[in-house]
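Here the structure comes first, spelled out in C-alpha cells, and everything after it is commentary.
The values are calculated or read from the model by the stated rules, or taken from the named source; none is laboratory data. Source: prediction; values computed, not measured. Please note: Cβ atoms are built from the backbone with ideal geometry, for glycine as well, and neighbour counts cover all protein chains shown.
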Amino acid sequence: MKMHQTSPRKGVTLIEISLVIGIIIILVSTTGIGISFYKDWSKGLAAGEDLKAVYQAQKLLLADNPTIQVTAIQSNDPTTPSTYIIPYLPNNMTAIPSVTDLDGGNRTITITVSPPVLSGDYDPSPPGDNSVWDAGK
C-alpha cells in the first residue's frame with residue numbers, strides 16, 4: 001500500500017503579509033518625518049545665509065563710509081549712495097531678502113542694527129525660559 005505524502009504548502013501566510021506591510025508602513029512614515037525635518041533645516045540654513053549676506057553688506061558699506069551710523073543704513077533710497085546697502089549685497093541682489101519662518105510666514109531683515117536681525121517676535125523654541133532662543137521675549 002502506498003502512503004499518501006503531503007507536499008509542503010506553497011504560498012504566503014496572512015502573518016507574513018501583515019509583517020511585510022507593517023515594515024513598509026514604518027519605513028514610509030520614518031521617511032516622511034525625515035523629509036519634514038530636512039525642510040525645516042533647509043529653511044533655517046537659507047535664513048542664516050541671507051542674514052550673513054546682509055551682515056557682510058553692512059560691514060562693506062560701513063567700511064566704505066566710516067562716518068555714517070548703522071541706524072542711517074537704507075535699502076530704499078538710491079539717491080543717497082553713502083547709506084544705500086543694495087549695491088553691497090552679493091549675487092546682484094536687487095532688494096533685501098525676506099526669510100520664510102517655520103510657520104510659512106515672511107520675516108524681513110532689519111538692517112538698521114548690527115548684526116541684522118529678523119523682524120517680529122521670532123523664537124522657534126518651545127515656550128518657557130529654556131535659555132536657547134529666548135531673545136524673542
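Let's see how each residue does on (1) touching a Phe, Trp or Tyr at 6+ places or on another chain (Cβ under 7 Å); (2) on the phi < 0 side of the Ramachandran plot; (3) surrounded by 13 or more Cβ atoms within 10 Å (Cβ to Cβ):
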{"residue": "T31", "(1), (2), (3)": "no, yes, no"}
{"residue": "K39", "(1), (2), (3)": "no, yes, no"}
{"residue": "T71", "(1), (2), (3)": "no, yes, no"}
{"residue": "P78", "(1), (2), (3)": "yes, yes, no"}
{"residue": "D103", "(1), (2), (3)": "no, yes, no"}
{"residue": "T108", "(1), (2), (3)": "no, yes, yes"}
{"residue": "T112", "(1), (2), (3)": "no, yes, yes"}
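If I96 satisfies every condition in (1) at pLDDT 85 or above; (2) more than 30 Å from D40 (Cβ to Cβ); (3) not acidic (D, E) but one, which is the exception?
(2)
Can you run down the residue pairs with Cβ atoms below 6 Å, 6 or more apart or on separate chains, where the first is in segment 92-107 and within 19 Å of D77 (Cβ to Cβ) and the partner is of a type outside the set (S, T, N, Q) and at pLDDT 85 or above?
Listed pairs, sorted by first residue: I96/I109; P97/D50.
Could you say which residue among A53, A95 is surrounded by fewer than 14 Cβ atoms within 10 Å (Cβ to Cβ) and under 30 Å from F37 (Cα atoms)?
One residue alone meets the criteria, A95.
So is I68 assigned to a loop (DSSP other than H, G, I, E, B) and modelled with pLDDT of 85 or more or not?
yes
From the residues in segment 99-137 that are closer than 28 Å to L62 by Cβ and hydrophobic (A, V, I, L, M, F, W, C), which one is modelled with the lowest pLDDT?
Here the residue is A135.
Could you say which residue among G44, G48, G32, G11 is modelled with pLDDT under 80, of a type outside the set (V, I, T) and not in a loop (DSSP other than H, G, I, E, B)?
G32
Being in a helix (DSSP H, G or I) and of a type outside the set (A, V, I, L, M, F, W, C) is the filter here; which residues of segment 82-98 pass it?
P87, Y88, P90, N91, N92
Determine which member of the set V20, V54 is in contact (Cβ under 8 Å) with a residue 12 or more places away in the chain, hydrophobic (A, V, I, L, M, F, W, C) and in a helix (DSSP H, G or I).
After ruling out the rest, the residue left standing is V54.
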